[in-house]
Each structure stands twice: as structure tokens, then as C-alpha cells.
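The values are calculated or read from the model by the stated rules, or taken from the named source; none is laboratory data. Source: prediction; values computed, not measured. Virtual Cβ from ideal backbone geometry, glycine too; neighbours counted across all protein chains shown. Keep in mind that these areas ignore ligands, DNA and RNA; they rest on the heavy atoms of the full protein, side chains included. Shrake-Rupley method; radii C 1.70, N 1.55, O 1.52, S 1.80 Å.
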Amino acid sequence: MIASCKGPNGTAMTRSPGKCCDRSVRLGIIKRFAKGKNTLLFYVMNIANWLARSAHVFPNHPALVMGARPAVSYREFANSAATIARVLVGGPGRPSREPGNRIALLADNCPAYLEAMYAIWWAGCVAVPINAKLHTREAVFILADAAVSVCFVSAEWAERLDGMAGALPP
């Protein structure tokens, strides 16, 4: 038997009975496709489901550690990612991103980078991580070639990209 609950992006999630509790987030979305008289079931995975599950099962455990100290708990990490994902998905009067849209990340490694990465996945979009060690022209080429709709950047990269704005797609 499989029970369902809500997960990232408001999608239906599945879970096995007897695990955690009825509202826990599990492995993936079940899709049903009719094929003749048979029904084919398969899971569509979203890595953000694992973060939502971890936030539910281990809310106060450290999700990110910087040096010897915990930086963020799973609950805080999931809440930040979900908040950013809600902004990406949009709403009345706000621009929105459709599932499958490409969103770039251009920054050094830090907790905010990971929060943005999980938010992109949570919204059902495709993350396009770009190495922060690249030359500005290389990063601009990747942004244009990948046809990204949004780019999360650090303050340093925002300054570097200002001079290349004409080379970026609209």
C-alpha cells in the first residue's frame, strides 16, 4: 500500500505505510500511464524530496557544517530553500518560472549557494551550476548557451557581469 502527501512544488509524494508518520515526505512522485490493460508505475525523483524528508525526520540535526560548527539545521535549510522556491514559482503579479526552466548559479561555495540549488530543484527547475573560477567570457558563454531564465550570482560576479550585459540573452 502506498500513501500520499505533499512535497516540493505542491506535488503529490508517496510513502510506505508504517514509516515515520502519515505526513512524512517520501521518495518520489508516482506517475501512472495506461498501456493497454496494464498500468505502468514509475517514480519521478526530485532531490529536493530528500531535503524535505530530512527536515521532517531530523529537523534539528545539522544539514551544513562549516569548519567544526554546524551552520544550518535541516529545518532551517529546508525552510530557506522552500522560501526561495516559492519566489521562483511566482504568484499573482510576480514573474514565475515553469518546471524545467534553466536557472544558473554563479558563486563561490557557501550555504546560500546550496540553498539556491535546492530551491531550484524544489521549484522543479533545472540547475545550471557554473564554476566560479571561470573567466567572465566563459561564464557569459555558458549563460547564453544554456538559455537560462534566471541566474543567482554573488556580489563579486554581479560586478563582473555588469560589463558583459550586452552579451547576455534578454
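Search the stretch 115-137 for residues that are free of Cβ contacts under 8 Å to residues at least 12 places away in the same chain and under 11 Å from residue 150 (Cβ atoms) and pair each with any residue that is part of a helix (DSSP H, G or I) and open to solvent by less than 20 Å² (accessible area, probe 1.4 Å) when their beta-carbon atoms are under 9 Å apart and the residues are at least 6 apart or on different chains.
Correct list of pairs: empty, since none qualify.
Contact list please: Cβ distance under 7 Å, first residue in the stretch 70-91 and free of Cβ contacts under 8 Å to residues at least 60 places away in the same chain, second residue open to solvent by 40 Å² or more (accessible area, probe 1.4 Å) and part of a helix (DSSP H, G or I), pairs at least six apart or on different chains.
From the stretch 70-91, the pairs are 81/118.
Looking only at the stretch 134-163, filter to residues that are of a type in the set (Val, Ile, Thr) and in a helix (DSSP H, G or I); which one of those is nearest to residue 120 (Cα to Cα)?
Within the stretch 134-163, the match that is nearest to residue 120 (Cα to Cα) is 142.
Every residue, every condition in (1) modelled with pLDDT of 85 or more; (2) crowded, with 19+ Cβ neighbours inside 10 Å, yes or no:
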position	(1), (2)
95	no, no
118	yes, yes
135	yes, no
146	yes, no
149	yes, no
152	yes, yes
155	yes, no
165	no, no
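With respect to the numbered conditions (1) in contact with a Phe, Trp or Tyr (Cβ under 7 Å, 6 or more places away or on another chain); (2) open to solvent by 90 Å² or more (accessible area, probe 1.4 Å), which one is the sole condition not fulfilled by residue 66?
Here residue 66 clears every test but (1).
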